[in-house]
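The values are calculated or read from the model by the stated rules, or taken from the named source; none is laboratory data. All figures in this text were calculated on a predicted structure; none of them were measured in a lab. Cβ atoms come from the backbone with ideal geometry, glycine included; neighbour counts cover every protein chain shown.
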Amino acid sequence: MIQLAGLQPGEIAVACEWLSDPDINRWLKSVFRGRRIDRSTVAVMLRDKRNHVLMIRDDAGPCGLVGISEIDRLDRVGMIWYLLGEKSRGGKGVTSLAVGLALDRAFGDLDLACVYAWIIDGNEPSRRVLEKNGFQPIGRMRGATRLGEEIVDRVYFDVTRDDHLSRREAEARWGR
């Protein structure tokens, strides 16, 4: 069973470890990429009211993070990001399920109308997570990201509240 809960003070160290892992942070925003992330960086992120950061837990314990960031309450939009910190949990649908639960919160508790995401071109596992959750590609920002010595595109996606609720209703109807 996958659950989401607020990041607890005792979990900040593991979050820093995941965010510092080059295999993970190479796909994240430049503030994380190629850096060692410390507790103060995570604390700033958690204090920012435009961020809603959650720990992903499965039956074996904490395994990743999902966040809704850059929340604009007036326009009712936010950006979703996610990572699977425990690589042994990969390929089991954990991240896809967690993103679905985070969208439930984004469109419920946070009352957003639209959630967007971007991936670095070539990050196919992340693309599949978004597509499984009803995100549609909406554009490409060419040459927007430095991945090591390479300059690559960002691919943007979004999902609306109505799209998400329709998907959830269909899943409930078909017992998924």
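Restricting to the stretch 62-90, and then to whatever is basic (Lys, Arg) and either in contact with a Phe, Trp or Tyr (Cβ under 7 Å, 6 or more places away or on another chain) or modelled with pLDDT under 95 (or both), can you tell me which residue is surrounded by the most Cβ atoms within 10 Å (Cβ to Cβ)?
ARG89
Have a look at GLY143, GLY122 and point out the one that is under 16 Å from LEU28 (Cβ atoms) and either part of a loop (DSSP other than H, G, I, E, B) or touching a strand residue (DSSP E or B) at 6+ places or on another chain (Cβ under 6 Å) (or both).
On the way: GLY143 fails: under 16 Å from LEU28 (Cβ atoms).
Result of the check over GLY143, GLY122: GLY122.
Mind counting the residues in the stretch 3-29 that are within 15 Å of the chain's Cα centre (by Cα) and either part of a loop (DSSP other than H, G, I, E, B) or surrounded by 17 or more Cβ atoms within 10 Å (Cβ to Cβ) (or both)? Counting residues in the stretch 3-29 that are within 15 Å of the chain's Cα centre (by Cα) and either part of a loop (DSSP other than H, G, I, E, B) or surrounded by 17 or more Cβ atoms within 10 Å (Cβ to Cβ) (or both) gives 11. When we screen ILE56, ILE68, ILE37, ILE80 for residues that are of a type outside the set (Ser, Thr, Tyr), out of contact with any strand residue (DSSP E or B) (no Cβ under 8 Å at 6 or more places or on another chain) and within 22 Å of ILE120 (Cβ to Cβ), the only hit is ILE37.
The residues on offer are THR160, THR145, THR95, and the sole one that is in contact (Cβ under 8 Å) with a residue 24 or more places away in the chain, surrounded by 13 or more Cβ atoms within 10 Å (Cβ to Cβ), among the hydroxyl-bearing types (Ser, Thr, Tyr) and under 20 Å from MET1 (Cβ atoms) is THR95.
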